[in-house]
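This report concerns only the one structure given below.
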Amino acid sequence: MATTIQNYFQQAKDRQFARDILFRVKSIKIVGGELLGNDQLIYARTAKLPGRDIEDKTVNYSGQTFHVPGKVSYPGSDSYSIEFYHDEEANLREQFESISRAVFDHRSDNIGEYSMPGSDSLIELNILDRQLNEIGTIKLIGASIRKVGEIAYEIADGSGEILKFTVDFAYHWYEMSPTSTKASIRPPG
C-alpha cells in the first residue's frame, strides 16, 4: 500500500513519536558498590539506549555470495557513558569514586573486586511514555565501572555554569522487556 499523507498522519497520531526526555536511569548496582536509586540518579543527565549487532558471515558457492548471521556484539558495551550533574557536596561523584576503588585499589593489601561481574551487577534503564509510565525496561547485564570522569572548574573565568561529569561502565549484554501491553519494544516470540 502506498503511503499517503493521510496514512502517515494516522500512524503518527496513533503511535506518536519517542522524545529524548522520556528515558530514565532507574538503578545502578555494580561490583564493589551499592544500589544507586532515584535520590542519586535524579542527577543523571544523559544516557543512551544501547545498540546490538549481528555479524555478517559470507558463504560463497558457484559465484553466489550468501549472507549468514554470525555472533552478536554490543557496540559501546566496553564504554557505556552516563553523564551526571555534579551535586554541590560531591556525594554522587564520591560514591562512584568509592565503587571504582572497590574494584581496584592500589593503596590496599586487598587489591579489589576485579572479578567478572555476574547478572546481579546491572544498570536498569526505563523507556517512558508521555505520562511518565514505564513502557520498557533495559537491563545492562554484568555491569562494572570503568572510568569516573574529571570535572572542569573555571576558577578565573567561571560564569556559575552547572558542572557535569561522566561515568563509563562496561557490560556483557543487555536484556529488553516491555512493562506495559502497549509497548512497541516487545521482543519477538
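The values are calculated or read from the model by the stated rules, or taken from the named source; none is laboratory data. From a predicted model like this one, the values you see are computed outputs, not experimental measurements. Methodologically, a virtual Cβ is constructed for each residue, glycine included, from the backbone with ideal geometry; neighbour enumeration extends over all protein chains shown.
Summary table
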{"item": "Residue within the stretch 58-71 that is among the small types (G, A, S), in contact (Cβ under 8 Å) with a residue 24 or more places away in the chain and under 24 Å from H172 (Cβ atoms) present", "result": "no"}
{"item": "Flag for K139 being closer than 20 Å to V25 by Cβ, in a strand (DSSP E or B), over 14 Å from the mean Cα position of the chain (by Cα) and modelled with pLDDT of 95 or more", "result": "no"}
{"item": "Enumeration of residues in the stretch 52-66 that are loosely packed, with under 10 Cβ neighbours inside 10 Å and closer than 29 Å to L140 by Cα", "result": "D56"}
{"item": "Yes/no for D129 being at pLDDT below 95, loosely packed, with under 11 Cβ neighbours inside 10 Å, among the charged types (D, E, K, R) and out of contact with any Asp or Glu (no Cβ under 8 Å at 6 or more places or on another chain)", "result": "no"}
{"item": "Verdict on K147 being surrounded by fewer than 16 Cβ atoms within 10 Å (Cβ to Cβ), in a strand (DSSP E or B), modelled with pLDDT of 90 or more and not acidic (D, E)", "result": "yes"}
{"item": "Condition met for I42 (within 25 Å of the chain's Cα centre (by Cα), over 21 Å from Y171 (Cβ atoms) and surrounded by 13 or more Cβ atoms within 10 Å (Cβ to Cβ))", "result": "yes"}
{"item": "Pairs with Cβ under 8 Å, 6+ apart, first in the stretch 1-27 and without any contact (Cβ under 8 Å) to a residue 24 or more places away in the chain, second part of a helix (DSSP H, G or I) and surrounded by 11 or more Cβ atoms within 10 Å (Cβ to Cβ)", "result": "M1/N7"}
